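One structure is given here, and the rest of the page talks about it.
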Amino acid sequence: MIKHLCMDDKIKGYCDALTFFKNADVSSSDEKLVESLFDVLPGVFGNIDLRDLTSENIVRLMRILFTEFDTEDKIKMRSGFQSKRDECVSFLRSSFWAQLHDQDGLGILRTLLDGLPQGSIWKNRIKNRMAEIVEEQKSVPSKKEIADLKDFILGDGFASYDDFYAFCIEKFNQLKTEIKDSRLNERDVFYTGNKPKTENECRDEILRNLIRANKDDLDVIQEGNEGHNRVDMRLVNRKGRNYIVQVECKRDLNAESLYSGLTEQLIDKYFTSGIYLGIYLVFCFKKDPGTLQKDIEKKIPYGFEKKVAVICIDLRNK
């Protein structure tokens, strides 16, 4: 970040004052002073350019704001007269995130993420913006990618990451419909006798179907290890740019990790490491697929609603 001493010193002064009084043993009358100091700050938010601040002061300022605005109710946009607090909310909901880019922005967000308490409402917002920045950096085409784009124009490749993602979702939904409409024939392979197969075995059955039907468009990579992370399935574009969609597989019988896997395995492990879109695939042996899909979709963290597709395959009635 570029230093602009006037604004940077002003923000530093506010942070110093707020930090001092927040940490001091203050009386009830002193608390009014703390409130007054806080209320003065929002008047500059409409003019803040993060490039005018050092990274250290950006982190200090945002930690104070994240602590002060620590519930969803406190950051609701309200109609009518806009108070100084509403200016803070507007800054927190939009302009702050829009000004973070490149490696500088990622560094600030990583620092902020490390300092957040458990259960903070800002955790997933930070991860969401980090994933967007990673994707923005990937969107600047190399010479090879420009050549790939020409191939797309002349051929039948994918114009964008979102197009490839939509293609992957469509293929899973087609497979889901085929299994559902086949009565019991297609479902037999997901059972050993009358017993449902394991999560990995179910994953392998889906993988074989995808490879067989889409070998010209997809490379389908099965479970392996990437660092310390378990990889269920990864779909890789075979035509043009290196688009990747992560797939996390679960059985509805695995109650303990059915909901937690959405955040802990799909979002936390992959979305901040360069993989931007994912599919949460659930094998339904007991639960109603439609109801379960809606329940899981409600658990998708803020900001990731369009980045995670939940697909539940009906394997009941065996």
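The values are calculated or read from the model by the stated rules, or taken from the named source; none is laboratory data. This is a predicted model, so every value here is computed, not measured. Using ideal geometry, Cβ is built from the backbone for each residue, glycine included, and neighbour counts are taken over all protein chains shown.
Considering the range 251-302 alone, what residues qualify as being hydrophobic (A, V, I, L, M, F, W, C), farther than 29 Å from Leu113 by Cα and touching a strand residue (DSSP E or B) at 6+ places or on another chain (Cβ under 6 Å)? Listed by number, the residues that qualify are Val282, Phe283, Cys284, Phe285, Leu292.
Name, by its number, the condition in (1) modelled with pLDDT under 85; (2) closer than 30 Å to Glu256 by Cβ; (3) under 26 Å from the mean Cα position of the chain (by Cα); (4) part of a helix (DSSP H, G or I) that does not hold for Val231. Looking at each condition in turn, Val231 falls short on (4). Looking at Gly274, Gly278, just one residue is closer than 26 Å to Phe158 by Cβ and modelled with pLDDT of 80 or more, and that residue is Gly278. Just one residue in the set Glu87, Glu132 is at negative phi, touching a Pro at 6+ places or on another chain (Cβ under 8 Å), surrounded by 11 or more Cβ atoms within 10 Å (Cβ to Cβ) and modelled with pLDDT of 75 or more; that residue is Glu87.
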